[in-house]
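**Student:** Just passing along the structure, written as structure tokens.
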Amino acid sequence: MRFLLDDEQREFARSLDGMLTAADTPGAVRAWSRGDHAPGRALWTRLAEAGVLALAVPERHEGLGPLPVELAVAFTELGRHAVPGPLVETVAASALLDFLDRLGDVPTATAWLPRIASGKAVLSLCAPDPGGPYALDAHAADAVLVVTDDTLRLAESAGPVQPSADPARRLARPLGGAVLARGPAVAAATAHAAGVAGLATAAQCLGLGRALLDRTVTHVKRRTQFGVPISSFQAVKHRLADTLIALEFAQPLLYSAALALARETAARVPAGGAGTGRTGDSASAAREIAAAKVAAAEAAYGAARTALQLHGAVGYTEELDLSLWIRKARPLRDAWGTPAVCRARVLTP
């Protein structure tokens, strides 16, 4: 199977990289950490104009998708630049609402989809399995969807906040809310949305790991000991090589998972037809997404450890922009499926 991106997808990645490089993303991350969401929301508007938020929204709701491969491409760049906010949760909420809309279960909730595609609405999603009992950045979202068992609610309050290892990631326990849907379809829609979230998080991890590796390589070429750059030391070379190999191995797993999700979506939703519910492709897609998530997450976490070690004492300082990437590695590693959960899913027959 061929896992190379085509010319249009590569150009999409380059355009996002150029746009985010020109933007003050570290400044937006620091502002988000302080509770100032204006710079982050402005960045979201630019991403929406580039079509990123429309990738998980179907064309009938003014979107471009669902396009899992392009979604993976986009979120790799978002991870590379550490863009703040519940981006993963917003596209996962889009997938959940679209799934239920195709089954005719949530006619009113789909009013959110055009707003998501245009960047005018930010949503968060709380799905305890495997997302955990918290909603990311619920206080910055326009709405929070909460799934409990077979019930979907629109939370009435963000609820109490739980600290995170990453100051730019605030976790909350949403409270109460009106029921939007109830029944077996909610569980199936949540599983599909969790797959989309897992894929997007894996892509973020891959981009994060690449950014950490690039910054570390640049640093070791400049830092000297005993009169020579530390990049000439064999131990440093081996550590960087191991990090690169882990990231390179994760990339084809990510694209394979995106293709599996695309096949599952196509099988579930025939062209011109209504949704047909879960299919036999769903289990295969779930395993591939889990494999991609654990590989990319472990590679990113390893890249963070390498960056911290090779930067020395300066790597611990919050003033260094590197800390914005390092502190995301562990939370992303556990978000939407811990390594243990993902490995168990891969091994499930």
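**Student:** If I go through the range 106-120 residue by residue, how many of them are of a type in the set (S, T, N, Q), part of a loop (DSSP other than H, G, I, E, B) and within 21 Å of D150 (Cα to Cα)?
**Tutor:** Quick first cut of the range 106-120, residues of a type in the set (S, T, N, Q) only: 108, 110, 118.
Applying the additional criterion that residues be part of a loop (DSSP other than H, G, I, E, B) yields 108, 118.
Cutting the leftovers down to within 21 Å of D150 (Cα to Cα) gives us 108.
Counting residues in the range 106-120 that are of a type in the set (S, T, N, Q), part of a loop (DSSP other than H, G, I, E, B) and within 21 Å of D150 (Cα to Cα) gives 1.
**Student:** Could you say which residue among A168, A138 is in contact with a strand residue (DSSP E or B) (Cβ under 8 Å, 6 or more places away or on another chain) and not aromatic (F, W, Y)?
**Tutor:** Working: A168 fails: in contact with a strand residue (DSSP E or B) (Cβ under 8 Å, 6 or more places away or on another chain).
A138 is the lone residue from the list that is in contact with a strand residue (DSSP E or B) (Cβ under 8 Å, 6 or more places away or on another chain) and not aromatic (F, W, Y).
**Student:** Let me ask you something else. The conditions are (1) free of Cβ contacts under 8 Å to residues at least 24 places away in the same chain; (2) in a helix (DSSP H, G or I), and P130 fails exactly one of them. Which is it?
**Tutor:** (1)
**Student:** Pairs, please: C-beta under 7 Å, at least 6 apart or cross-chain, first residue at negative phi and in the range 332-343, second modelled with pLDDT under 95 and surrounded by fewer than 23 Cβ atoms within 10 Å (Cβ to Cβ)?
**Tutor:** Taking only residues 6 or more apart or on different chains, the pairs are V341/P130.
**Student:** Same structure, new question: What number of residues within the range 170-222 satisfy the criterion of being without any contact (Cβ under 8 Å) to a residue 60 or more places away in the chain, under 27 Å from I326 (Cα atoms) and among the charged types (D, E, K, R)?
**Tutor:** First pass over the range 170-222, keeping only residues without any contact (Cβ under 8 Å) to a residue 60 or more places away in the chain: 170-179, 182, 184, 187, 214, 217-218, 221-222.
Filter once more, so that each one left must be under 27 Å from I326 (Cα atoms): 170-173, 214, 217-218, 221-222.
The next check asks that each one be among the charged types (D, E, K, R); those that pass are 170, 173, 214, 221-222.
Qualifying residue count for the region: 5.
**Student:** Right, another one. Among what's in the range 273-296 and is over 13 Å from V346 (Cβ atoms) and part of a helix (DSSP H, G or I), pick the residue that is modelled with the highest pLDDT.
**Tutor:** Just the residues of the range 273-296 that are over 13 Å from V346 (Cβ atoms), to begin with: 273-282, 296.
When the remaining residues are screened for being part of a helix (DSSP H, G or I), the result is 281-282, 296.
Numbers: D281: 71, S282: 83, A296: 98.
It comes out as A296.
**Student:** Is it the case that the range 124-146 has a residue that's at pLDDT below 95 and over 26 Å from L332 (Cβ atoms)?
**Tutor:** For the range 124-146, residues at pLDDT below 95 and over 26 Å from L332 (Cβ atoms): absent.
**Student:** Among the residues of the range 61-90, write down those that are within 9 Å of the chain's Cα centre (by Cα) and of a type outside the set (S, T, N, Q). Outline the logic, then answer.
**Tutor:** From the range 61-90, those within 9 Å of the chain's Cα centre (by Cα) are 72, 75-76, 78-79, 86-89; that's our starting set.
Selection gives A72, F75, L78, G79, P86, L87, V88, E89.
**Student:** Can you name every residue in the range 68-96 that is small (G, A, S) and more than 19 Å from K120 (Cα to Cα)?
**Tutor:** Within the range 68-96, the subset small (G, A, S) is 72, 74, 79, 82, 85, 92-95.
Result: A72, G79, A82.
**Student:** Turning to a different aspect of this structure: Check L96 against each of (1) surrounded by fewer than 23 Cβ atoms within 10 Å (Cβ to Cβ); (2) aliphatic (A, V, I, L, M); (3) part of a helix (DSSP H, G or I) and name the one condition it does not meet.
**Tutor:** Result: L96 passes all but (1).
**Student:** Follow-up. State which residue is nearest to the chain's Cα centre (by Cα) when the search covers only the range 131-146 and only residues that are surrounded by 19 or more Cβ atoms within 10 Å (Cβ to Cβ), more than 22 Å from L55 (Cβ to Cβ) and not hydroxyl-bearing (S, T, Y).
**Tutor:** Going through the qualifying residues, I end up with A138.
**Student:** Could I ask something else about it? Does A56 meet the test of being outside any loop (DSSP other than H, G, I, E, B) and either of a type in the set (K, R) or at negative phi (or both)?
**Tutor:** Values: outside any loop (DSSP other than H, G, I, E, B): no; either of a type in the set (K, R) or at negative phi (or both): yes.
No: the conditions fail for A56.
**Student:** Can I ask one more? Which residues, taken from the range 133-162, are assigned to a loop (DSSP other than H, G, I, E, B) and either among the charged types (D, E, K, R) or within 26 Å of P339 (Cα to Cα) (or both)?
**Tutor:** Of the range 133-162, the ones assigned to a loop (DSSP other than H, G, I, E, B) are 133-134, 137, 141-142, 149-150, 155-156, 158-160.
Listed by number, the residues that qualify are P133, Y134, D137, D142, D149, D150, E156.
**Student:** Determine, yes or no, whether L78 is aliphatic (A, V, I, L, M), touching a helix residue (DSSP H, G or I) at 6+ places or on another chain (Cβ under 9 Å) and surrounded by fewer than 24 Cβ atoms within 10 Å (Cβ to Cβ). Steps first, please.
**Tutor:** Numbers: aliphatic (A, V, I, L, M): yes; touching a helix residue (DSSP H, G or I) at 6+ places or on another chain (Cβ under 9 Å): yes; surrounded by fewer than 24 Cβ atoms within 10 Å (Cβ to Cβ): no.
Considered against the rule, which asks whether it is aliphatic (A, V, I, L, M), touching a helix residue (DSSP H, G or I) at 6+ places or on another chain (Cβ under 9 Å) and surrounded by fewer than 24 Cβ atoms within 10 Å (Cβ to Cβ), L78 comes out as no.
**Student:** A follow-up question, please. From the list A165, A74, A82, pick out the single residue that is part of a helix (DSSP H, G or I) and of a type in the set (A, V, I, L, M, F, W, C).
**Tutor:** Of A165, A74, A82, the one residue that is part of a helix (DSSP H, G or I) and of a type in the set (A, V, I, L, M, F, W, C) is A74.
**Student:** Same structure, new question: Would you confirm whether or not the range 302-324 contains a residue that is more than 24 Å from V29 (Cα to Cα) and of a type in the set (A, V, I, L, M, F, W, C)?
**Tutor:** Going through the range 302-324, the residues more than 24 Å from V29 (Cα to Cα) turn out to be none.
No: the range 302-324 contains no residue that is more than 24 Å from V29 (Cα to Cα) and of a type in the set (A, V, I, L, M, F, W, C).
**Student:** Determine the pairs where a residue that is within 18 Å of L213 (Cβ to Cβ), located within the range 223-244, has a partner that is charged (D, E, K, R) and surrounded by 10 or more Cβ atoms within 10 Å (Cβ to Cβ) with Cβ atoms under 6 Å apart, the partner being 6 or more residues away or on another chain.
**Tutor:** P229/K221; I230/R223; S231/K221
**Student:** Another one. Please tell me if G40 is in a loop (DSSP other than H, G, I, E, B) and either of a type in the set (G, A, S) or touching a His at 6+ places or on another chain (Cβ under 8 Å) (or both).
**Tutor:** Working: in a loop (DSSP other than H, G, I, E, B): no; either of a type in the set (G, A, S) or touching a His at 6+ places or on another chain (Cβ under 8 Å) (or both): yes.
So G40 fails the test.
**Student:** Something else about it: I need every pair where a residue in the range 144-161 that is in contact (Cβ under 8 Å) with a residue 40 or more places away in the chain has its Cβ under 7 Å from the Cβ of a residue that is aliphatic (A, V, I, L, M) and not in a strand (DSSP E or B), sequence separation at least 6 or different chains.
**Tutor:** L145/A93; L145/L96; V147/A127; V147/V186; L152/V186
**Student:** Given R34, R46, R14, R41, which one is without any contact (Cβ under 8 Å) to a residue 12 or more places away in the chain and farther than 21 Å from P252 by Cβ? Talk me through it step by step, then tell me what you get.
**Tutor:** Values: R46 fails: without any contact (Cβ under 8 Å) to a residue 12 or more places away in the chain; R14 fails: farther than 21 Å from P252 by Cβ; R41 fails: without any contact (Cβ under 8 Å) to a residue 12 or more places away in the chain.
Answer to the selection: R34.
**Student:** What's the total number of residues in the range 113-148 that are aliphatic (A, V, I, L, M) and closer than 10 Å to P86 by Cβ?
**Tutor:** To start, the set of residues in the range 113-148 that are aliphatic (A, V, I, L, M) comprises 113, 116-117, 121-123, 125, 127, 135-136, 138, 140-141, 143-147.
Now drop any that are not closer than 10 Å to P86 by Cβ, which leaves 122-123, 125, 135-136, 138, 140-141, 144.
Count: 9.
The values are calculated or read from the model by the stated rules, or taken from the named source; none is laboratory data. Note that the coordinates shown come from a computational prediction; the quantities given were computed from them, not determined experimentally. Using ideal geometry, Cβ is built from the backbone for each residue, glycine included, and neighbour counts are taken over all protein chains shown.
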